[in-house]
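See structure below.
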Amino acid sequence: MKNIALSLVAIMLFSCQNNAQSNKKQEAIKNAKAVEVPLSNGKAKAYFASGCFWCVEAIYESVKGVDEVISGYAGGHTKNPTYEASNTGTTGHAETVEVIYDPKIVSFETLVDVYFGSQNPTQVNGQGNDKGSQYRSIIFYQNENQKQIILKKKEALAKKINAKVAAEVYPFQKFWIAEDYHQNYERLHPNNSYIQNVSIPRLNRFKAKFPELIKDNH
C-alpha cells in the first residue's frame, strides 16, 4: 500500500509539474511579440479561433472580400500539432482558421465584427457542445493597430451584453495547417450529421444577422 501511495504521489507531482510548465509556455506566448504576415498579391491574412474550425471556415468563406479560408491550429506551445494531439487539450492550440482576404473590399475591423457576431461570446473553452481548450475562442493580432481594434470591440461588446466576453487576445505567432480532410469540410460533406445539425444552423444564423456582408453566390 505504501508503494502504491508513493507512486500516486509521484504521478500527481509529475502532472502538476507538466501543467505548470504548460502554463508558463502559454503565458510566454501571450506576452510574445506579434508576427506580422505581409501582404501577398494585395491579399492579407487574419487568424481566428471560435470553436470547431469546420463551422468558422464556412462562415468566413461566405463573407464578401474573403478569397479563401484554411483550417488549422494556433495559440499553443507545441510544434506540428495534429487533430488528435490538439483534442487532448495539452498542446495549448485551438482550432483556428486563416482568412485570406482583400483589404480593399473587407477590412480587418469587419472581420472582427464577423468573429464576435458569429459565436456565443460568453462561452468559455468551447462553442455549444464542443467543449475543451482546443475549442476556446482566441482572436489573434499582428500589430498594435489590430490589437486596439480587437480590445475596443471586445470592451464595447461586454458593455452591450453586460457580461464578460470569453475570447482571449493573443499576438499571432504561427499557423499550422490542419490535415487535408478538414479543409472545406462543410462544402464537401453537406450530409454529415454534425454539418447538418451544428455547422449549417450556425452559418444560417450568421447570414441572417449580417445579410449585407454575404457574397451573392451564398
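The values are calculated or read from the model by the stated rules, or taken from the named source; none is laboratory data. What you see is a predicted model, and the numbers here were worked out from it, not measured in a lab. Neighbour counts run over all protein chains shown; Cβ positions are idealised from the backbone, glycine included.
General observations
- Number of positions in region 76-97 that are within 30 Å of residue 208 (Cα to Cα) and either touching a Lys or Arg at 6+ places or on another chain (Cβ under 6 Å) or part of a loop (DSSP other than H, G, I, E, B) (or both): 1
- Test for residue 149: is it in contact with a helix residue (DSSP H, G or I) (Cβ under 6 Å, 6 or more places away or on another chain), in a helix (DSSP H, G or I), at pLDDT 95 or above and within 30 Å of residue 33 (Cα to Cα): yes
- Condition met for residue 45 (of a type outside the set (A, V, I, L, M) and either without any contact (Cβ under 8 Å) to a residue 24 or more places away in the chain or in a helix (DSSP H, G or I) (or both)): no
- Residues (closer than 19 Å to residue 199 by Cα and in a loop (DSSP other than H, G, I, E, B)) located in region 125-146: 125, 128, 129, 132, 136
- Scope region 170-208; condition in contact with a Phe, Trp or Tyr (Cβ under 7 Å, 6 or more places away or on another chain) and closer than 22 Å to residue 124 by Cβ; matching residues: 170, 171, 172, 199
- Of all residues making up region 152-179, the number that are in a helix (DSSP H, G or I) and within 16 Å of the chain's Cα centre (by Cα): 1
- Selection within region 94-104 - under 19 Å from residue 171 (Cα atoms) and surrounded by 19 or more Cβ atoms within 10 Å (Cβ to Cβ): 94, 95, 96, 97, 98, 99
- Any hit, region 150-157, residues being buried (at least 18 other Cβ atoms within 10 Å of the Cβ), of a type in the set (Gly, Ala, Ser) and without any contact (Cβ under 8 Å) to a residue 60 or more places away in the chain: no
- Test: residue in region 72-95 that is under 22 Å from residue 164 (Cβ atoms) and hydroxyl-bearing (Ser, Thr, Tyr): no
Conditions tested, residue by residue: (1) polar (S, T, N, Q); (2) modelled with pLDDT of 95 or more; (3) surrounded by 15 or more Cβ atoms within 10 Å (Cβ to Cβ).
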site	(1), (2), (3)
8	no, no, no
22	yes, no, yes
53	no, yes, yes
66	no, yes, yes
72	no, yes, yes
75	no, no, yes
78	yes, no, yes
83	no, no, yes
92	no, no, yes
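- Going through (1) under 27 Å from residue 36 (Cβ atoms); (2) modelled with pLDDT of 95 or more; (3) crowded, with 22+ Cβ neighbours inside 10 Å one by one, residue 107 falls short only on (3).
- Subset tally (residues that are closer than 11 Å to residue 182 by Cβ and of a type in the set (D, E, K, R)) for region 50-71: 1
- Across region 25-51, the qualifying residues are those that are basic (Lys, Arg) and over 17 Å from residue 144 (Cα atoms), and the one among them that is modelled with the highest pLDDT is 43.
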